[in-house]
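Visitor: Here it is, the structure in full.
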Amino acid sequence: MAVILGSPGIYLGGASVPPVPPFVNEYSMSFDGIGDYIYAGTSSLGITGGISVSAWVKIPTTNTGGASAPYVQVIACEDTTSGGQRNWTLAWRGTGFNYFQWSVFAPNGASTTVASSGVVPNDNQWHHLLGTFDGTTGTNGVKLYVDGSLSSQATASFAGLNSGSTVEPTIGALTGGVGRRLEGTIDSVAVWNSDQSSNINSIYSPSGVVDISSLNPLSWWRMGDGDSFSTNWTLIDNGSGGNDGTSVSMPEEARVTDVP
C-alpha cells in the first residue's frame with residue numbers, strides 16, 4: 001500500500017484524504033447596550049468546583065458603563081444579581097472605576113472579586129480576558145488575566161462554586177437579559193469546568209483568536225463563525241456541552257468582520 005505524506009493531503013493506495021482546513025476566525029458579534037444579549041439554554045452549566053471563562057472584548061471609547069451606578073456591563077455570566085442565583089460573572093465596570101472584573105460566588109452567598117489594573121478597557125481595542133477559580137481556599141486561587149498577563153489574584157474564603165440551576169449562561173447581559181447590557185463587541189467565549197490558568201499561553205495569543213479545541217472547553221461559542229441566522233442568531237457550542245446560544249434583539253447585521 002502506498003503511503004505518501006505531503007500536500008495536498010495523505011494518499012493511501014491512491015485514495016486522497018483532504019487536509020484539515022486551517023483554523024480561521026472571521027466574525028465577532030456586536031452588542032448595542034440596549035436590548036442585545038445571547039443565552040444558552042434554560043439552566044446553568046452545572047459547574048460546582050473549578051471554573052475558567054475566556055473571552056475577547058472590544059469596548060468603544062464613548063462607552064462609560066451606562067447611565068447609572070454601578071456602571072457594570074456584563075461580558076459573560078451566570079448571574080441575576082439576586083439571592084442564590086449568582087454563580088459567576090466576567091464584566092467591565094465603567095465610570096469612576098474603568099476596570100475588568102471577575103467574580104465567583106459560593107452557595108452561601110459569599111463572593112470573591114478581582115479587578116484588572118494597568119489597562120484602559122474602553123480604548124476601542126481588543127482585549128483578551130481569562131478568569132479562573134481553582135475551586136478551593138488555596139492561596140490566590142482566583143485569578144484574572146488580561147491580554148495574556150496575570151492582572152489580579154485573590155484567595156477565596158470558600159471552596160466550591162454556586163450553581164443555581166435556573167441561571168443559564170448569558171453573553172452581553174445579566175442572565176435573563178435583566179440589565180447590565182454591554183455596548184461593544186465580543187468574540188470567542190469559552191467556559192471550562194476546571195482551572196485553566198496553567199494554559200493561558202495556549203488560550204491567548206497576541207495575534208488573535210486561536211483554536212482551543214484541544215483544551216476541551218465545556219462550552220465554546222465562536223461568536224459568528226459557523227453560526228446561522230433565522231429571526232435570531234443560533235450560536236453553535238463548539239465545546240462538549242452542547243449548549244447552543246440564541247440571540248435576543250440582535251439583527252443579522254450584528255455579526256461583524258471586526259475581529260482580534
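Visitor: With respect to D227, determine if the residue is buried (at least 21 other Cβ atoms within 10 Å of the Cβ), within 30 Å of T257 (Cα to Cα), touching a Lys or Arg at 6+ places or on another chain (Cβ under 9 Å) and of a type in the set (D, E, K, R). Before you say what the answer is, go through the steps one by one.
Guide: Working: buried (at least 21 other Cβ atoms within 10 Å of the Cβ): no; within 30 Å of T257 (Cα to Cα): yes; touching a Lys or Arg at 6+ places or on another chain (Cβ under 9 Å): yes; of a type in the set (D, E, K, R): yes.
Criteria not met by D227.
One line per residue, one yes/no per condition, for (1) among the hydroxyl-bearing types (S, T, Y); (2) part of a strand (DSSP E or B):
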{"residue": "Q101", "(1), (2)": "no, yes"}
{"residue": "V114", "(1), (2)": "no, yes"}
{"residue": "P121", "(1), (2)": "no, no"}
{"residue": "G135", "(1), (2)": "no, no"}
{"residue": "G138", "(1), (2)": "no, no"}
{"residue": "S151", "(1), (2)": "yes, yes"}
{"residue": "F158", "(1), (2)": "no, no"}
{"residue": "L161", "(1), (2)": "no, no"}
{"residue": "V167", "(1), (2)": "no, no"}
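Visitor: Among the residues of region 59-101, which ones are free of Cβ contacts under 8 Å to residues at least 60 places away in the same chain, among the hydrophobic types (A, V, I, L, M, F, W, C) and under 22 Å from S28 (Cα atoms)?
Guide: The answer is L90, F100.
Visitor: Please name all residue pairs, on different chains or six or more residues apart, with Cβ atoms under 9 Å, provided the first residue is in region 32-58 and is of a type in the set (D, E) and the second residue is part of a strand (DSSP E or B).
Guide: Matching pairs, first to second residue: D32/E183; D36/M29; D36/S30; D36/E183; D36/S247; D36/V248.
Visitor: While we're here: Which one is surrounded by the most Cβ atoms within 10 Å (Cβ to Cβ) among residues in region 188-224 that are among the aliphatic types (A, V, I, L, M) and farther than 21 Å from Y27 by Cβ? Quick ask: steps written out before the conclusion?
Guide: Taking region 188-224 as the starting set, the residues that turn out to be among the aliphatic types (A, V, I, L, M) are 189-191, 200, 203, 209-210, 212, 215, 218, 223.
Subsequent filtering for residues that are farther than 21 Å from Y27 by Cβ retains 200, 215, 218.
Numbers: I200: 18, L215: 18, L218: 21.
Applying the filter and picking the extreme gives L218.
Visitor: Applying the selection to region 85-105, what residues are of a type outside the set (S, T, N, Q) and buried (at least 17 other Cβ atoms within 10 Å of the Cβ)?
Guide: If the condition is that a residue be of a type outside the set (S, T, N, Q) and buried (at least 17 other Cβ atoms within 10 Å of the Cβ), then R86, W88, L90, A91, W92, R93, G94, Y99, F100, W102, V104, F105 are the ones that fit.
Each reported figure results from applying straightforward, stated rules to the coordinates on display, with no laboratory input. Note that the structure is predicted; figures quoted are calculated from it, not measured. Neighbour counts run over all protein chains shown; Cβ positions are idealised from the backbone, glycine included.
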